[in-house]
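A.B. asks: Quick one: structure below, then a few questions.
Bear in mind that the values in this text are calculations on the coordinates, not laboratory data. In this text, all values refer to a predicted model and were calculated from it rather than measured experimentally. FYI the Cβ positions are ideal-geometry reconstructions off the backbone, even for glycines, and counts take in every protein chain you see.
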Amino acid sequence: LDLTQLIFSSLPLPSLLRASAVCKLWNSLISSPSFTSPCLSYPWFFLFGLHNTSSRNNQSFAFDPLSNAWFLLPRLDDPSSSSAFLGSNGFFFTTTPNFCYTPVLKSAWRFTSPLKFSRLNPLLGVFYDGSSGGFGFKFIVVGGVRFIGGLVDIEDRLAVEIYDPNRDSWELCPALPADFRSGNSSQSLSSALFKGKFYVSGIYSCFISSFDLRNRVWSEVQTLRPPGVIFSFLISCNDMLVLAGMCNAPRGPSFNLWKIDETTLEFSEISIMPQSLLHSLVESEEDENFASLKCVGMGNLIYVFNEEYHQKYPSCLCEISAENGKCSWRRVPRLPLPVNKFHKVISFCSTVSLTHSFPQQ
């Protein structure tokens, strides 16, 4: 068995998934929490496309940075017939009318007890609190747009809730600071889990605050805006908090990365995307075309992509060396054809877990 596991640890993930389907013994070895493989530590780039008219034409894709290839995932049914899809840290979610989740490589939706404040497009994070037995993870849901009678609730409390799957219960926490009220959904906010805190930053406002997951308190709201920044995204990479943003530089538009000191919020530039890559993400160099650029990241990889061109879906990635901190940029290949026409695309970055499962009921 030791020799078999050693062989498995050398396989790329697509081969590993095929091997896990051969027999129960191989599946148990690969799904064991003690199983380790280099391919499981590299963050993949996941994409879920919602079709314009029919959920049967929804598509899911995953990009493996080691093999530099896209994979078309099995069709994922929407259990709630809702367009309120989200993705984070190895899970797909729907938030309304019901909150439910499933690991990205398993089609096993699990419904939770109702949120105290149901909402669309919240920020969502998956964190591990070290609890023993049952599930080792919890979900934090922050902000989002709340509707009452089909209308946006302008008096929304910017609710923060934490879900414990072991108890199937939601804990109502201190609300998101009122500074974020003008834009409280994932369309105008970005987030990052870093050293026991859930950071929230305004993509355009550049406000930033952090929620202490242990003490359940928010920090003072501050402004994090390097010179020339138009919009930016907060990312947790290795042992760094990174800000990735579009800038108006003296020599023209640029996409920059900064390392953030989490205690002082001081920033230092670590990389600039090569101009050839930046221009390959847009059809022209007009300012409005750069506005559709988005960014996600995890581990040592940061993905930058254009969410408007769904069928072409141009994107690139930056790999940050754990040894010397140097950044290496490269283009991501195009999606495998055929690609359906989507009205909305959900993208996120995650390591691939083969052990996410649900305890027997």
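A.B. asks: Students often check this: by mean Cβ neighbours within 10 Å, which of 237-245, 12-20 ranks highest, and how do the rest follow?
C.D. replies: 237-245, 12-20
A.B. asks: I want to check the label-to-label distance for Lys195 and Ser169. Put each point 7 Å from Cα in the C-beta direction and report it in nm to one decimal.
C.D. replies: With each label placed 7 Å out from Cα toward Cβ, I get 3.2 nm.
A.B. asks: Turning to a different aspect of this structure: Taking amide H positions as placed in the peptide plane 1.01 Å from N, state which residues far from Ser185 in sequence (5 or more) or on other chains have amide H under 5 Å from it.
C.D. replies: Placed amide hydrogens put Gly144 under 5 Å from Ser185.
A.B. asks: Taking the chain as a Gaussian network, Cα atoms linked when under 10 Å apart, which of Asp212, Asp168, Asp179 shows the biggest mean-square fluctuation?
C.D. replies: Looking only at Asp212, Asp168, Asp179, the biggest GNM fluctuation is shown by Asp168.
A.B. asks: Over the Cα atoms, compute the radius of gyration (one decimal) and Dmax (the largest Cα-Cα distance, rounded to a whole number) for segment 218-353, in Å.
C.D. replies: Cα only, segment 218-353: 15.3, 48 Å (Rg, Dmax).
A.B. asks: Please sort by residue number the trypsin sites (Lys or Arg not before Pro) in segment 193-281 whose DSSP state is loop and whose Cβ has at most 13 other Cβ atoms within 10 Å.
C.D. replies: Lys195, Arg214, Arg216, Arg251
A.B. asks: Now a separate question. Suppose a student asked you for the relative contact order of the chain, using Cα pairs under 8 Å spaced at least 6 residues apart; what percent would you report?
C.D. replies: The value is 16 percent.
A.B. asks: Let me ask something else. In the neighborhood of Asp164, defined by Cβ-to-Cβ distances under 11 Å, what is the net charge if each Lys or Arg adds +1 and each Asp or Glu adds -1?
C.D. replies: Neighbour charge sum, excluding Asp164 itself: -2.
A.B. asks: Less than 9 Å Cβ to Cβ from Glu262, Lys/Arg counted +1 and Asp/Glu -1: what total charge do the surrounding residues give?
C.D. replies: +1
A.B. asks: Looking at this model, which pairs from Lys259/Lys326; Lys294/Lys344; Lys195/Lys259; Lys138/Lys344; Lys116/Lys344 are more than 23 angstrom apart at the alpha-carbon?
C.D. replies: Long pairs (Cα-Cα over 23 Å): Lys138/Lys344; Lys116/Lys344.
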